[in-house]
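Here the structure is laid out as structure tokens; the discussion comes afterwards.
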């Protein structure tokens, strides 16, 4: 009886020891960073998926992440740069409200990768004013969801610790959506200010045509010179009246010549009469 009791006690202690050992061995996990954030509706934000192997050296990993697609939209999934990558190979897949993001060592590599690092980045966008929980799909012992695999013996073993996976809360605020139009009225004010200088310029342009008629008056001013010649013409006749005076002189000579001729004619008549009287 005592032997049986001792045997039972040994079994219990061994079970507890094995459970403790297995829980410490299965310790690798993923994290979402940041774990909380408040954004405006329509704003995009990054969520990093990181890994901590807790001393293990996995060869392949896959994080399955759930989100509400009616309230959040995935704008893109970014592969880390070469300097940030935890694993050299990267893959991604989006299906409805689920994101599969994975990585692995190069084919043929003998050893896995140990430590902490970045697997990839999800770029979300807030669609509706809401509070959203983004988390990992993980069930202990199920390799069809999130998993971190090491090779123990001939078979790969999933060593992910689901209880260590965190979840993130993202609040999409409607305040940002209403605040966004604030610059738009400012933009609307700018156009209203622009026409005012234009309107002030337009009258100036209109004044220019009014100046043009003033220039058309200039020809009327040129008429004044035409009047000036008339005035000079009225002054000119005085010397012109002088020029007719010498021209009239020949006329006076003509009258004198005519008088002389008449006198000579009369004289001849008288002489002819005298001659006739003497002859007769």
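The values are calculated or read from the model by the stated rules, or taken from the named source; none is laboratory data. Computed from a predicted model, the values in this text were never measured in an experiment. Glycine gets a Cβ as well: all are built from the backbone with ideal geometry, and neighbour counts include every protein chain shown.
Considering (1) at pLDDT below 50; (2) surrounded by 10 or more Cβ atoms within 10 Å (Cβ to Cβ), say which one residue 191 fails and leave the rest.
Evaluating residue 191 over (1) at pLDDT below 50; (2) surrounded by 10 or more Cβ atoms within 10 Å (Cβ to Cβ) leaves (2) as the failure.
If you check residue 86 against the conditions, is it buried (at least 16 other Cβ atoms within 10 Å of the Cβ), at pLDDT 95 or above and assigned by TED's automatic domain parsing to the domain that holds residue 151?
In short, yes.
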